Amino acid sequence: MPNLMLTNWCNYHCPYCFGVDMMVPKKPRNAMSRETFNGIMEWMQRKPFDRVIHLMGGEPTLNPDIEWFVNRLLEQNMHITIFSNMATPQAVQLADKCSMLPVHWVANVNNPTKWNKAQRENISKALRAAGKHASITFNIQPEEPNELWALELIEEFGLNPNIKVGFVLPTLTSSNMALKDSEYGIVAQRVVDLVKAGERLGVSVSYECGVPYCVFTDEQLGFLWRHNSKPASGCCSRLDITPEGEVMYCLPLATAGLRHYSEFADYHECRKWFEDRFKPYRMLGSKIECAECPLNNPMQCRGACLAKNMIGAKNIEIGR
């Protein structure tokens with residue numbers, strides 16, 4: 001089910017943010033209202049669904065109604081995951097209130113050497129309150145020496161022993177800082193090193209979408225598969241819904257098309273509409289070699305992030 005963007009602004013200004021085209025200052029500041037939230041929930045429940053809801057932003061804890069949203073979802077027996085940088089006072093308060101509730105946190109954190117004093121205090125308190133209900137995710141930065149700090153955070157705060165890593169992917173407009181092709185190999189080796197270090201501590205590593213298999217050598221892929229750490233080669237996105245109720249396939253592809261949820265009978269019809277219109281671009285691949293790669297098929301590898309693959313396409317039109 002979808003990712004609900006409760007806000008379109010953030011207390012951070014990360015240069016790699018792939019939501020930049022839908023965030024302040026490119027868009028007017030907005031927070032999802034209770035009315036919009038209730039409308040989306042009614043729309044989603046017109047047909048059976050997996051009852052999984054992701055709350056994100058921007059930074060979702062900056063929405064003044066965040067606690068109300070969580071309570072509403074709990075009343076309806078929804079499975080809630082909050083994607084947060086954990087660095088706001090509101091995140092600390094909510095994590096404390098939800099510490100005994102079935103609310104999962106995905107803590108999107110940067111290297112602690114980049115935290116200021118206030119961020120360090122808030123993140124530490126929020127992670128401690130969330131404990132095993134929180135898992136860490138981050139984008140690997142090729143200029144940093146390693147990611148062992150993530151293992152240290154898991155040990156210090158008793159977090160869920162799984163790390164989800166992302167490669168810094170571009171928006172369709174190329175308006176964020178993303179990995180250069182020459183940096184993929186560096187990041188791939190860093191992933192292998194993290195898997196090795198994590199295994200010794202009982203910490204597993206999984207992946208955000210959009211990582212093509214070819215960034216890893218055959219030896220690296222063999223190691224990862226043997227250690228139950230299989231990269232996610234393509235994208236199969238949950239739809240993202242903005243605070244105004246506009247639906248996009250995903251944030252990196254926001255500029256390719258937005259439709260208000262009310263234009264569709266239900267979530268399933270909306271998702272099929274987006275899938276059908278992006279299907280012609282699926283087999284583009286991220287480089288010319290993708291055309292002859294035996295793995296280039298929907299069941300194995302889709303080339304990379306769809307937004308990255310579409311950057312060179314000049315005739316993008318998803319229609320109505």
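Just a few scattered comments:
- The set of residues in region 177-218 being assigned to a loop (DSSP other than H, G, I, E, B), open to solvent by 20 Å² or more (accessible area, probe 1.4 Å), under 22 Å from Leu306 (Cα atoms) and touching a residue at least 40 places away in the same chain (Cβ under 8 Å) consists of Met177, Ala178, Glu208, Cys209.
- For region 251-266, a residue qualifies if it is in a helix (DSSP H, G or I) and modelled with pLDDT under 95, and the qualifying residues are Leu251, Pro252, Leu253, Ala254, Thr255, Ala256.
- Residues of region 148-165 classified as buried (at least 22 other Cβ atoms within 10 Å of the Cβ) and not β-branched (Val, Ile, Thr), total: 2
- For region 265-296, the tally of residues that are surrounded by 12 or more Cβ atoms within 10 Å (Cβ to Cβ) and among the small types (Gly, Ala, Ser) stands at 2.
- Residue within region 227-234 that is under 21 Å from Cys17 (Cβ atoms), open to solvent by 30 Å² or more (accessible area, probe 1.4 Å) and outside any strand (DSSP E or B) present: yes
- Among the residues making up region 131-152, those that are touching a helix residue (DSSP H, G or I) at 6+ places or on another chain (Cβ under 7 Å) and either of a type in the set (A, V, I, L, M, F, W, C) or over 28 Å from Tyr213 (Cα atoms) (or both) are Gly131, Ala134, Ile136, Phe138, Ile140, Leu148, Trp149, Leu151.
- Of all the numbered requirements in (1) closer than 27 Å to Tyr207 by Cβ; (2) open to solvent by 10 Å² or more (accessible area, probe 1.4 Å), Arg46 misses one, and that requirement is (1).
- When the residues of region 113-122 are filtered to those that are open to solvent by less than 80 Å² (accessible area, probe 1.4 Å) and out of contact with any Pro (no Cβ under 8 Å at 6 or more places or on another chain), the one that is farthest from Val205 (Cα to Cα) is Ala118.
- Here Ile318 does not fit the description of being within 21 Å of Leu179 (Cα to Cα), out of contact with any strand residue (DSSP E or B) (no Cβ under 8 Å at 6 or more places or on another chain) and either among the hydrophobic types (A, V, I, L, M, F, W, C) or open to solvent by 30 Å² or more (accessible area, probe 1.4 Å) (or both).
- If you go through region 186-199 and keep only what is within 15 Å of Asn162 (Cβ to Cβ) and either among the basic types (Lys, Arg) or out of contact with any helix residue (DSSP H, G or I) (no Cβ under 8 Å at 6 or more places or on another chain) (or both), you end up with just Glu199.
- Among the residues of region 96-107, those that are closer than 30 Å to Asn146 by Cα and either surrounded by fewer than 21 Cβ atoms within 10 Å (Cβ to Cβ) or among the charged types (D, E, K, R) (or both) comprise His104, Val106.
- Only one entry of Ser99, Ser124, Ser84 meets the criterion of being of a type in the set (Ser, Thr, Tyr) and over 22 Å from the mean Cα position of the chain (by Cα), and that entry is Ser99.
- Any chance Arg128 is within 30 Å of Trp68 (Cβ to Cβ), of a type in the set (Lys, Arg), touching a helix residue (DSSP H, G or I) at 6+ places or on another chain (Cβ under 6 Å) and surrounded by fewer than 19 Cβ atoms within 10 Å (Cβ to Cβ): yes
- Filter result for Leu169 (buried (at least 20 other Cβ atoms within 10 Å of the Cβ), touching a residue at least 40 places away in the same chain (Cβ under 8 Å) and closer than 15 Å to Leu148 by Cα): no
- Within region 38-68, the residues that satisfy the criterion of being under 23 Å from Ala107 (Cβ atoms), in a helix (DSSP H, G or I) and more than 20 Å from the chain's Cα centre (by Cα) are Glu67, Trp68.
- Residue in region 3-16 that is modelled with pLDDT of 95 or more, in contact with an Asp or Glu (Cβ under 8 Å, 6 or more places away or on another chain), of a type in the set (Val, Ile, Thr) and buried (at least 22 other Cβ atoms within 10 Å of the Cβ) present: yes
The values are calculated or read from the model by the stated rules, or taken from the named source; none is laboratory data. As the structure is a prediction and not an experimental result, all values here were calculated from the model. Cβ coordinates were reconstructed from backbone atoms using ideal geometry, including for glycine residues, and neighbour counts include every protein chain displayed. Just so you know, the surface numbers come from the protein's heavy atoms only, side chains and all, with ligands and any DNA or RNA stripped out. Shrake-Rupley method; radii C 1.70, N 1.55, O 1.52, S 1.80 Å.
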